[in-house]
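The block underneath contains the structure these notes are about, expressed in structure tokens.
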Amino acid sequence: MALTGANGSGKTSLLRIMAGLLAPAAGTITWDNEDSVPDGAMHWAGPDNALKSDLSVRENLEFWGAGANVDAALARLDMQMFAETPVRYLSFGQRRRASLCRLFLSQRPLWLLDEPETGLDDESAQSLRTIVRQHANDGGMVVIATHRPDVWDSDTGLEIMEAAS
């Protein structure tokens, strides 16, 4: 599902509510008739990237995915050459790709992605779109807040409109 709308319309807030990071003002979010998403079912990728700048890319990924195949995750977004580089030395786009590598460290059915293409070059953005489509084709779910719904080829779209004053 692609969430679209103007800046400040509530796309990120909706994703945060879905992730359990923010309480809804009204109503409920349910997962299989339960009041919350079960532990281990969801991966949140927000704009802050959640990386420790003094650690290498590999060390960051090992923290998030203990026992997972970090090398395979690095390869998915062409980050192998930066594996031992401290995050503080990466460009913005490289940091974004390093953060998105976390998607592959655990098998989580629901991905909540907040403007995931921000800072990515065209090739990396295309790789990410392919990876997202593959996750969905394999039975996974993806909700993306985006200003570019045209490139996501989403089966479902939801435009969030600002409330009238």
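If you go through the range 97-129, how many residues are acidic (D, E) and buried (at least 20 other Cβ atoms within 10 Å of the Cβ)?
Taking the range 97-129 and keeping what is acidic (D, E), we get 114-115, 117, 121-123.
Narrowing further to those that are buried (at least 20 other Cβ atoms within 10 Å of the Cβ): 114, 117.
Looking only at that region, the number is 2.
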Exercise. When only residues in the range 2-41 that are closer than 24 Å to V87 by Cβ and aliphatic (A, V, I, L, M) count, which is farthest from the chain's Cα centre (by Cα)?
Worked result: L21
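Anything in the range 36-49 that is under 15 Å from P116 (Cα atoms), out of contact with any Asp or Glu (no Cβ under 7 Å at 6 or more places or on another chain) and surrounded by 13 or more Cβ atoms within 10 Å (Cβ to Cβ)? List them, or say none.
Step one: list which residues in the range 36-49 are under 15 Å from P116 (Cα atoms), which gives 43-49.
Going one step further and asking which of them are out of contact with any Asp or Glu (no Cβ under 7 Å at 6 or more places or on another chain), we end up with 43-44, 48-49.
Hits for the range 36-49 are H43, W44, N49.
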Seminar exercise, completed: If we ask which residues in the range 1-23 are touching a helix residue (DSSP H, G or I) at 6+ places or on another chain (Cβ under 8 Å) and not in a strand (DSSP E or B), their number turns out to be 3
Exercise. A6 versus (1) without any contact (Cβ under 8 Å) to a residue 24 or more places away in the chain; (2) more than 30 Å from Y89 (Cβ to Cβ); (3) loosely packed, with under 14 Cβ neighbours inside 10 Å: which is the lone unmet condition?
Worked result: (1)
Seminar exercise, completed: Residue pairs qualifying under the 7 Å Cβ cut-off, at least six apart or on distinct chains, with the first in the range 67-78 being over 15 Å from Q94 (Cβ atoms) and the second being of a type in the set (A, V, I, L, M, F, W, C), are A68/L105; V70/L61; A72/F104
Problem set entry | Selection status of N33, touching a Lys or Arg at 6+ places or on another chain (Cβ under 8 Å) and either more than 22 Å from H135 (Cα to Cα) or modelled with pLDDT under 85 (or both) | no
Exercise. If you scan the range 24-48, which residues turn out to be assigned to a loop (DSSP other than H, G, I, E, B), touching a Gly at 6+ places or on another chain (Cβ under 9 Å) and not hydroxyl-bearing (S, T, Y)?
Worked result: I29, V37
Seminar exercise, completed: Only one of (1) over 12 Å from the mean Cα position of the chain (by Cα); (2) farther than 24 Å from D32 by Cβ; (3) modelled with pLDDT under 90; (4) among the hydroxyl-bearing types (S, T, Y) does not apply to S124, and that is (3)
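The values are calculated or read from the model by the stated rules, or taken from the named source; none is laboratory data. Values in this document were obtained by computation on a predicted structure and should not be read as measured data. We place every Cβ from the backbone using ideal geometry, glycine too, and count neighbours over all the protein chains shown.
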